[in-house]
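Heads up, the thing below is written out as structure tokens.
We did not get these values from a lab; they are worked out from the coordinates using the rules stated. Owing to the predicted nature of the structure, the values given are computational and were not obtained by experimental measurement. Counting neighbours? That spans all protein chains shown, and the Cβs are built from the backbone with ideal geometry, glycine included.
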Amino acid sequence: MIDPRKAVRGYRPLLAVAVPIAGIQLAQVALTTTDLTMMGFLSVQAVAAGGLAITLYNQLRTMCVGVVTAVGNLVASAAGRGTARGAGELDEQARQEVRGVVRASFLVATFVGLLGALLLIALSYALTWFGQDAGVLALARPTIAALAPGLIPMLWLNVLRQFAVGMRRPGSLLWVTIASIAVNIVLDGAFLYGWFGFPVIGIAGVGLATTVVQVLNFLAFLAIVRRDTQLTGLLSVRGWLAEARTVREVLRLGIPICLTYGSEAGITSVATLLMGGFGPAALAAHNVVNQLAYIVYQLNIGLSQGSSILVSAELGKGERAKAGQVAGRALRLSAALMSLIAVVYLVIPGPVLGPFLRAGDGAEVRAVAHTLLFFAIAHQFFKGAQNINVGLLRGLGDTKSGFRITLVGYWLLGVPLMLLCAYGFGMGGPGVWLGLCGGFGATAVLLIRRFRRELPAVAGEPVPSRV
């Protein structure tokens, strides 16, 4: 018979790492969520334009974060080896390795952030080719331009986060999360409505507000890390002193993760562009439900990165048999959380959508949003499962299988299914979401299969041919 207390204790290491990661993820998403909510007081067109800008920003943000995501695994592996050699204490060799990884990561983050900002601005002009409403684009472009510079401090923050999590000392970000949301709301109101005598600059002001808060979040977490006596001696932000081989290692692992995240975000962007073809009302409803799903997704990102870090740390110490236990716990926690949220969606859909919709938004927007909310239930289960398995594979040192599998699941299955359901079967917007769920579901199945086939290799058994 299973001892419930022992079972709960088994989840504590995962929760100790996953919860702070989910916290900082939610802090990031809270910025764009409050942006979308504040724009909801203006007009449906403002929500459509702002949501389009936020979707593109989230895609580039996600891809850029992917480049530095493996930093946590590199730090955890180095720390695990150093702890094993030092009989529980981190030896000097490991300390140097960790400092080198962090230093290289700051260099990579700076250049990737600059490149991402330039690409984001370029994409805002390329949208003309995708049949988007001219009025929506006129509002979206300045918002995107204001959001773009925030990618750089956001990536610096993620380097710090991965460093702290890799050392199993993620710190408390609750007060940072609350403060960033409050500051973002105040700045949104200042730039949108002229609060406190600020100049009214329209919805571009929400992008500027988010960029300012990104800088403040980075400085706040930097202060937290510097106050941690076990972390401050390992922290080095001097990217210009990074060794080329360490930079190459960060990029070797990070680029496949970036492409995997980009593939994942890309199918969501395709769905957004398809929804835009059905008019501003459909796009506004899609943006609202997609933002809700994106909020929930951050819980799964926490579980994914937390389980990935634990697997890397155990492998670094030679404790290979525990990977399957970590995987099972992460997937069970995800399923339980998604089930709870599904009940909330089914029981009180009105209050769930209420913060994003206004009385003047029209019956069409509300009707489409309520319909899409039901598709979001399946979307969250499938997308969460596939993200956790990408993290587990990363913990095993495999960052390439996820990208290959997403190419199959998203682009060979998901996108054609979206087009078939939306246009071939005449389902319109709901058909786009049905195809989206199909793409994520297929990807989740393929990734779970890949992890189950690859896991025996950590015990010395032969690995079957890769997908």
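Return the Rg/Rh ratio of the range 380-438 with Cα-based radii and a Kirkwood Rh. Walk me through the numbers on the way to the answer.
Values: Rg = 13.7 Å, Rh = 12.3 Å.
Rg divided by Rh gives 1.11.
How high is the FRET efficiency from ALA16 to LEU419, r the C-beta distance, R0 35 Å, rounded to 0.05?
Efficiency for this residue pair is about 0.20.
What's the extension gain from ARG169 to THR232 if we count 0.36 nm per residue and subtract their Cα-Cα distance? Present the calculation step by step, with values, prior to reporting the outcome.
Numbers: separation 63, 0.36 × 63 = 22.68 nm, distance 1.15 nm.
Taking 0.36 nm per residue and subtracting the Cα distance, the gain is 21.5 nm.
Quick one: 3J(HN,Hα) in Hz for the range 109-126, Karplus 6.51/-1.76/1.60 with θ = phi - 60°, rounded, Gly and Pro as x.
Calculated HN-Hα couplings, in order: 4, 5, 5, 5, x, 4, 5, x, 5, 5, 5, 4, 5, 4, 4, 4, 8, 6 Hz.
Provide, in order from the shortest bin, the percent of all Cα-Cα pairs of the chain in each 20 Å bin, continuing until the bin that contains the maximum pair distance.
25, 58, 17, 0
If I model a spin label at GLN325 and GLU92 as a point 7 Å from the Cα along the Cα→Cβ vector, what separation in nanometres do I get?
3.5
Can you work out the Karplus-derived ³J(HN,Hα) for every residue in the range 395-409? Use 6.51 cos²θ - 1.76 cosθ + 1.60 with θ = phi - 60°, whole Hz, and x for glycine or proline.
Coupling constants for the range 395-409: x, 7, x, 10, 10, 9, 4, x, 5, 4, 5, 5, 4, 6, x Hz.
Which of rounded, prolate or oblate describes the range 300-434 when judged by the alpha-carbon gyration tensor and an a/c cut-off of 1.5?
Oblate, since a/c reaches 1.5 and b/c is not below a/b.
Would you work out the charge dipole size for the range 4-459 about its Cα centre, treating the Cβ of every Lys and Arg as +1 and the Cβ of every Asp and Glu as -1, and quote it to the nearest 20 debye? Mind showing how you got there, number by number?
Working: 35 positive and 17 negative charges, 325 e Å.
Taking the Cα centre of the range 4-459 as origin, the dipole is about 1560 debye.
Per the helix-only calculation at 222 nm, which mean residue ellipticity applies to the chain, given -39500 (n - 2.57) for every DSSP H run of n ≥ 4 and division by its residues, nearest 500 deg cm²/dmol? Present the calculation step by step, with values, prior to reporting the outcome.
Details: 16 runs with 356 residues, N = 467.
The helix-only estimate for the chain comes to -26500 deg cm²/dmol at 222 nm.
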